[in-house]
Amino acid sequence: MSSKTLTDGARTGTGQAPPDASTRKWWILAVVALAQLMVVLDATIVNIALPSAQADLGFSDGNRQWIVTAYALAFASLLLLGGRTADLFGRKTAFLVGVVGFAAVSALGGAAANFEMLVTARALQGAFGALLAPAALSLLNTTFTDAKERAKAFSVYGAIAGAGGAVGLLLGGILTDALDWRWTLYVNVAIAVLAFAGGWVLLANHRDAANSKLDVPGTVLVAAGLFSLVYGFSNAETHDWDSPLTWGFLIAGGVLLAAFAWWQTRAAHPLLPLRILLDRNRAASFLAVLISGAGMFGVFLFLTYYLQLNLGFSPTRTGVAFLPMVGALMVTAQVGTTVLVPRIGPKAVIPLGFAIAAAGMAWLTGIGVGSSYTSAVLPQLIVIGVGLGLVMPPAMQMATGGVAAEDAGVASATVNAMQQVGGSIGTALLSTLASSAATDYLAGRDATSELVQAQATIESYTTAFWWSAGLFATGAVIAFALFRRGVPQQDADAAPVVHM
């Protein structure tokens, strides 16, 4: 606990923080949530603006994917380094540097005069996001230690993590339609000003792992491993699974991550202490975040295509179409973390959420060329939102709960890494399967017919939805098998203290 908190507690004669400390915590949540929203938005907000950016800067279809991939590669490969940096040098420092850096390179991207400048800005966004995201989550983890308050805080954070992609689609559509594609990047500057001001005033720079050192070999191994893994899956989407650029990088990623795990058992100051992974509930939570991240792309990516290309929705209307899912997710996020998990435990709640999401995805396969949004998309989106709200916030809470304060940053980074790698796997796997389904449908048919082409795209979307449903169903089985029975008990010795 910081000296200021101890001094204020002494003044009250109770040894506790003054009454306004509770209010201060919720303001910290607002600042952290704002910063997290900025990072999550940028995973999707630029997607809707890509056609406009491509027309403006004149880059090819083949280069278009790098606007998205550059961000994902830097973000995923540097997350654990970012998390450990927050533990070693202070979360406030990491948070503020991350916010300022993210805003600066967003402005650079918005002012891009060519493709190379935009790609560079996106990669730097990913790098600063890798510093900012784990710092934000670890601040939440070390600020909220009371079980009820912690549940409420994580319901908000988890809802943003789960719904931020859909909000990004909405905001990206509005900014692109009303202003210009560049404002999908400039908007980060406005968000960053608020986040920086709040962080500067509210946060204290406590260094829980100040006596440790950075594990340089571990950092190199895990960064190279995660880069190879994400790059390999990205190449599967644009090349093929039998391309050396796909399987070569996937194998290299697996070998490097295995070497990283081996090194962590021998390093004096491991980057990712294995004690974080060996808790059964925490390991199950990491897998739940990975699987939900992979399956969610079936909703955002292919449903966006369907709404715009088949139903003729504008970018703004497409974003609005996802709002019912966001609303459902936010409601069940609150119910799941504050009511259900504290009463019946994660073994019942998280598998139930996966099962509901799987049912919603399977229901969504009923779309057709002339389907109505109201009957063929809206109810299904609400069901999927209900399911994901019972999975992601509770899983994120369980993944970081009970972690010692000096490990909070790297544990938080692991959660973000699981979500990012899951998204990369989902994008590559579902895109490949969808493309194969469309090709198979066109075989032996008149490919010049508009109706046949439209039906081929429907086949590709529904194939992706079925596989997403399968991923969620697999998540239900894994979560039920791995999570412990009963309500999780917080270890008072392991719980992080409040630093404000």
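The values are calculated or read from the model by the stated rules, or taken from the named source; none is laboratory data. All of these numbers come straight from a predicted model, not from anything done at the bench. When we count neighbours, we look across all protein chains shown, and the Cβ atoms used for this are built from the backbone with ideal geometry, even at glycine. Only protein heavy atoms, including side chains, enter the accessible area calculation; ligands, DNA and RNA are left aside. Shrake-Rupley method; radii C 1.70, N 1.55, O 1.52, S 1.80 Å.
Quick notes on this one:
- Subset of the stretch 336-345 [touching a residue at least 40 places away in the same chain (Cβ under 8 Å) and more than 20 Å from the chain's Cα centre (by Cα)]: T338, L340, V341, P342, R343, I344, G345
- Counting the residues of the stretch 158-168 that are modelled with pLDDT of 70 or more and open to solvent by less than 10 Å² (accessible area, probe 1.4 Å) gives 1.
- Subset tally (residues that are modelled with pLDDT of 70 or more and surrounded by fewer than 21 Cβ atoms within 10 Å (Cβ to Cβ)) for the stretch 52-69: 9
- Scope the stretch 378-419; condition part of a helix (DSSP H, G or I), at pLDDT below 75 and more than 26 Å from L340 (Cβ to Cβ); matching residues: A405, E406, D407, G409, V410, A413
- Just one residue in the set F249, F297 is open to solvent by 20 Å² or more (accessible area, probe 1.4 Å), modelled with pLDDT under 80, touching a Gly at 6+ places or on another chain (Cβ under 6 Å) and part of a helix (DSSP H, G or I); that residue is F297.
- Qualifying positions in the stretch 439-461 - open to solvent by 20 Å² or more (accessible area, probe 1.4 Å) and either modelled with pLDDT of 85 or more or in a helix (DSSP H, G or I) (or both): T439, D440, Y441, L442, E450, L451, V452, Q453, A454, Q455, T457, E459
- Matching residues in the stretch 327-347 - criterion: being surrounded by fewer than 24 Cβ atoms within 10 Å (Cβ to Cβ) and either outside any helix (DSSP H, G or I) or out of contact with any Lys or Arg (no Cβ under 9 Å at 6 or more places or on another chain) (or both): G327, A328, M330, V331, V335, V339, L340, R343, I344, G345
- A268 within 30 Å of L81 (Cβ to Cβ) and either part of a helix (DSSP H, G or I) or at pLDDT 85 or above (or both): no
- Residue count for the stretch 418-432, restricted to those that are open to solvent by less than 10 Å² (accessible area, probe 1.4 Å), under 16 Å from F227 (Cβ atoms) and of a type in the set (A, V, I, L, M, F, W, C): 1
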